[in-house]
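Note sheet for the following structure.
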Amino acid sequence: MGNESDYGTGHDAAAGWLRAFDRTRPIQYEGAVKYDFDGGTISDIICPMYASAENIAGYARSGRQTRPLILCEYSHAMGNSNGGLAHYWETIESAPGLQGGFIWEFWDHGLLQQISDGRPAGDDGDYSAGTTSSGYRWAYGGDFGDALNDGNFCIDGVVFPDRTPKPVMYEHRELAAPIRLEASGGGVRVHNRQHFRDLAWLAAEWRIEAEDAPGRAVPADLPDVPAGGSAAIALPAGLVRDLPGEGEIWLTLHTTVREDQPWAPAGTTVCTPQICLRGEKRDLLDRSGERHRPPRPGPARVGSGDAPIELDGAGLLLHPLLAAAPRLSVWRAPTDNDRLAGVAARWAERGLPDPARELIDVVRHGDRVSVRARYLDGLITHEQVLAAAGEAIVVEETAVLGDELADVARVGTVFETVAGFDHAEWFGQGPWETYPDRCAGGPVAGHRARIDDLFTPYVRPQESGGRHGVRRFTLTGEANTLRIRLDKPRQVSITRYRAADLAAAAHHDELAPRAECVVHIDAAHRGLGTASCGPDTQPAYLVGAGTYRWSWTLETR
């Protein structure tokens, strides 16, 4: 279906493509058009394209379903996409007549191109981990002097052109997992989600993850559970002994292939189902340990140094480890979905990419400094309160978005560190990229990575590299150590690129990584959806008008 763009997107694309072959008749189910093939070997199924989860649920409830429904395409993997996969699968698994579907599509159809002559490079260029060597790039429509083209619309796979998996592959792996976990009566129940096999082909280990303690792991004895069955299982006593008295505790069943399979060698990870054994009840200062630390004498100070909290003339924090002060952010580099759905154009019309900041006032109350500013002629107001607590600076922020801002990219804080930070460690979802509506495949745990590896090199640069549900993170390197704790799980990104850097580039090779780290802490972040060809993100993942509050601590050690 390479010519979908000739007919539009979503249901329009499906209708246009199918009408072109004159093989369908439309059937209406609760406002959703389904396409019933009349002939051929697939006449006993209904194969719609890009129907929403709500539409297929309506079909299943209609009372007129006589055949299984398979979505021949339902989630478009163009760029940073596939938001809502978990919602689709919750819906599909809620009714036996909803059989599943196919993600469009497997790989990005980029051609390796030597930039100097504009011709495909064949086997002469080098590539790995989704990127190319210097002097080459992954080329797409318009890169060959072709005036009529679909741009990067063919860059729409779950793997990069070199077959390196994108983060969505880990999301799908967890949704298709043969095992699910459920907390049950103080214990754990294991569900075998397979239709034909028992669990004998799998090996596993239990892992305990806690925010303030090292992780631990012990082998797991999987119960003898037939296909479609479940069984209660007792946890090894040593696994949960001597755990911290407070804070989150997560239980993960890391499941692997026991013996070599035709498609995977022994030891290959199959899934990582997870449940929360205990939630977090402490507030930010208790979690950071700063509430009971004796205060330093004198005025509020920057971290563990001797300088008081200082602001520049614009009311922005001056800090020895920050190259750019924390300030409000309401925009992201548009994803392919944002661009093709027209959302990015609306953001630009509103002035969200670079909203002018106007300082209202700065008020000091002892060791607290309150800074108020406004953006977009008062359509957004922002207050930032900075205070000392032990060795840390506590930052409390409030942003109020006016009613005209019904759909923005994010509401949060952005700052830049000085050069010299190389590694990040965090407690939250990961280790790969996750977003609010694409995070089922990112287990909560302690993770560590090189900062350069946190970025996802989509062929056309866009918002990427985010981690959902982050509770704390630490940056380390020759520059020093910078620790951040968040009031609740938040969306965080740490990369070498500003949003404007990503938005200005058409290919990954055009990006020049900065020596500094660009850090985003989001109180709210818009979902990804799949609107380049399919539904946008669900209403629950839109970011609109209203009041947003978030807080965090900054500590240098």
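Here are some notes:
- Tally of residues being open to solvent by less than 70 Å² (accessible area, probe 1.4 Å), farther than 29 Å from residue 281 by Cα and either modelled with pLDDT under 95 or of a type in the set (Phe, Trp, Tyr) (or both) across the range 195-211: 1
- Any hit, the range 408-417, residues being among the basic types (Lys, Arg), over 30 Å from residue 318 (Cβ atoms) and at pLDDT 95 or above: no
- Looking only at residues in the range 456-472 that are of a type in the set (Lys, Arg) and in contact with a strand residue (DSSP E or B) (Cβ under 6 Å, 6 or more places away or on another chain), the one that is surrounded by the fewest Cβ atoms within 10 Å (Cβ to Cβ) is 472.
- Restricted to the range 168-183, and to residues there that are assigned to a strand (DSSP E or B) and open to solvent by 50 Å² or more (accessible area, probe 1.4 Å), the residue that is nearest to residue 434 (Cα to Cα) is 180.
- Test: residue in the range 138-145 that is among the hydroxyl-bearing types (Ser, Thr, Tyr) and either open to solvent by 70 Å² or more (accessible area, probe 1.4 Å) or in contact with a Pro (Cβ under 7 Å, 6 or more places away or on another chain) (or both): no
- Considering (1) surrounded by 13 or more Cβ atoms within 10 Å (Cβ to Cβ); (2) part of a strand (DSSP E or B), the lone condition that residue 225 does not fulfil carries the number (2).
- Being of a type in the set (S, T, N, Q), open to solvent by 30 Å² or more (accessible area, probe 1.4 Å) and under 23 Å from the mean Cα position of the chain (by Cα) is a description that does not apply to residue 134.
- Residue 516 vs. criteria in contact with a strand residue (DSSP E or B) (Cβ under 9 Å, 6 or more places away or on another chain), surrounded by fewer than 22 Cβ atoms within 10 Å (Cβ to Cβ) and in a strand (DSSP E or B): no
- Within the range 153-168, the set of residues being in contact with a strand residue (DSSP E or B) (Cβ under 9 Å, 6 or more places away or on another chain) and touching a residue at least 40 places away in the same chain (Cβ under 8 Å) comprises 155, 156, 157, 158, 159, 160, 161, 163, 166, 167, 168.
- Top-ranked residue in the range 69-114 [being in a helix (DSSP H, G or I) and free of Cβ contacts under 8 Å to residues at least 40 places away in the same chain; ranked as nearest to the chain's Cα centre (by Cα)]: 88
- Conditions (1) touching a Gly at 6+ places or on another chain (Cβ under 9 Å); (2) of a type in the set (Ser, Thr, Tyr); (3) farther than 26 Å from residue 503 by Cβ: number failed by residue 370: (1)
Table: residues versus (1) in contact with a His (Cβ under 7 Å, 6 or more places away or on another chain); (2) surrounded by fewer than 12 Cβ atoms within 10 Å (Cβ to Cβ); (3) at pLDDT 95 or above; (4) not polar (S, T, N, Q).
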site	(1), (2), (3), (4)
239	no, no, no, yes
245	no, yes, no, yes
249	no, no, no, yes
267	no, yes, yes, yes
271	no, no, yes, yes
274	no, no, yes, no
286	no, no, no, yes
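- Meeting the requirement of 2 or more residues that are open to solvent by 10 Å² or more (accessible area, probe 1.4 Å), aliphatic (A, V, I, L, M) and out of contact with any Phe, Trp or Tyr (no Cβ under 9 Å at 6 or more places or on another chain), the strands (runs of 3 or more DSSP E) wholly within the range 356-430 are 357-365, 380-389.
- Between 280, 259, the distinction of being farther than 23 Å from residue 193 by Cβ, of a type outside the set (Lys, Arg), surrounded by fewer than 18 Cβ atoms within 10 Å (Cβ to Cβ) and touching a residue at least 24 places away in the same chain (Cβ under 8 Å) belongs to 280 only.
The values are calculated or read from the model by the stated rules, or taken from the named source; none is laboratory data. All values reported here derive from a predicted model rather than from experimental measurement. We place every Cβ from the backbone using ideal geometry, glycine too, and count neighbours over all the protein chains shown. Accessible surface is based on the protein model in full, side chains and every heavy atom, while ligands, DNA and RNA are left aside. Shrake-Rupley method; radii C 1.70, N 1.55, O 1.52, S 1.80 Å.
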